[in-house]
Amino acid sequence: MTATASRPGQNPPTTDADLELLVKLRQAHRDLKTQIARRIVGQQDIVDNLLAAILAGGHVLLVGVPGLAKTLLIQTLADALHLSFNRVQFTPDLMPGDITGTELLEEDQATGRRIFTFAPGPVFASIVLADEINRAPPKTQAALLQAMQERTVTVAGKTHTLPNPFFVLATQNPIEQEGTYQLPEAQRDRFMFELTVDYPSREEEELIVTSTTGVMKGEVEPVLDAGQLVALQQLVRRLPAAPTLVRYAVDLVRSTRPSDPTSSGDIRKYVGFGAGPRASQYLILGAKARAAMDGRAAPDIDDIKGVAMSVLGHRLLLNFQAEAEGVTVPKLIKL
């Protein structure tokens, strides 16, 4: 099968080379899950969604109570991907420059001249773990806005390009509020997925205790390097999305906006602000990634439904009435 011409704005048809790469992507997905399972017990849905976001080039916010291996999961993923990795522990005294880097005044020993040189911060890595991101004030959180959207950092008027690929994987504790700062809506919108990490089952917890209280430690072997991962990300974007699928994604997102005529009475009653166009984009990218991980050359509506809550859950701003009546996003979204 050979490629044929396509109209501007459309994905090109899948070629034989892409189909071969699709097989490699499916195998890479299996291998990554195998490596992650050497340290992480259970959490299969979380792992699948995390890998889908990586293949789609998106950032992920992991939300869960302490002790559920959120940080270990991200560190394990970094080990399974042969990429540079930095961990930033967010604290109330963390400053923006501690993340992005800063200009240092240095003296040239040969000439005696003093010049400013840029010292890159920990954001200059392919995978950046923003641990307990809500413990730093909004001023510091905002240091990630440009990095997450544009993959660049501007310091002292100079713009520096971040590595490719680049991901921010953040963790957040939802129950402890003392000394924390709620993420601004613009910050939350930068995350492709918000994933809720739940407690393990009894069997999983027993296995966790057994495997972590002995002397053996699960060793993780790298599966993909930066070049291979970028090639798979480009393949995911090349997968065709049918116009009906795009229409379904856009209709779903528009139905979350109280001002839209297609929104339901519950949406108008309980939602202050709905999701923006970035949600529609992420629904399609997430669906493409899920299809690719399954070895399919095109996504379907079930793929959209599979990522819908992870994409929309943190983008709907509920009003006080919803909070008072215990209304949640899953109760409002009709798939």
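From the C-alpha coordinates alone, can you work out the Kirkwood hydrodynamic radius of the stretch 239-335, in Å?
Working: mean 1/r = 0.0731 Å⁻¹.
With all distinct Cα pairs of the stretch 239-335 included, I get 13.7 Å.
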Kindly state, to the nearest 0.05, the FRET efficiency for residue 202 paired with residue 24, given R0 = 41 Å and r defined as their beta-carbon distance.
-> 0.65
Along the chain, longest interval not containing exposed trypsin sites (Lys or Arg not before Pro), exposed being DSSP loop plus at most 12 other Cβ atoms within 10 Å | 218-333
FRET efficiency for residue 182 and residue 269, using Cβ-Cβ distance with R0 set to 22 Å, rounded to 0.05 = 0.40
Subtracting the Cα-Cα distance from 0.36 nm times the residue separation, let me have the gained length for residue 296 to residue 31 in nm, one decimal.
-> 93.7 nm
Förster radius 22 Å - calculated FRET efficiency between residue 317 and residue 247, Cβ distance, rounded to 0.05 | 0.30
Expected 222 nm ellipticity per residue - DSSP helices of 4 or more, -39500 (n - 2.57), all of the chain, to 500 | -12500 deg cm²/dmol
For labels at residue 65 and residue 230 in the simple 7 Å Cα→Cβ model, what's the distance in nm?
-> 4.3
If you count the DSSP beta bridges with both ends in the chain, what percent of them are antiparallel, to the nearest 5?
-> 40
For the stretch 21-110, go through all pairs of different Cα atoms, get the mean of 1/r, take its inverse, and jot down that Kirkwood value in Å.
-> 15.9
Among the lysines, which fall within straight-line cross-link reach of residue 334, defined as a Cα-Cα distance under 17 Å, with same-chain neighbours fewer than 8 residues apart omitted?
-> 269, 305
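What is the packing order of peptides 256-266, 47-57, taking the mean over residues of other C-beta atoms within 10 Å and listing the highest first?
Values: 256-266: 13.8, 47-57: 23.1.
The most tightly packed comes first, giving 47-57, 256-266.
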How big is the chain in terms of Cα radius of gyration and Dmax, in angstroms?
-> 21.4, 73
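No value in this document is a laboratory result; all are computed from the given coordinates. Predicted, not measured: the structure shown is a model, and the values here were computed from it. Cβ atoms come from the backbone with ideal geometry, glycine included; neighbour counts cover every protein chain shown.
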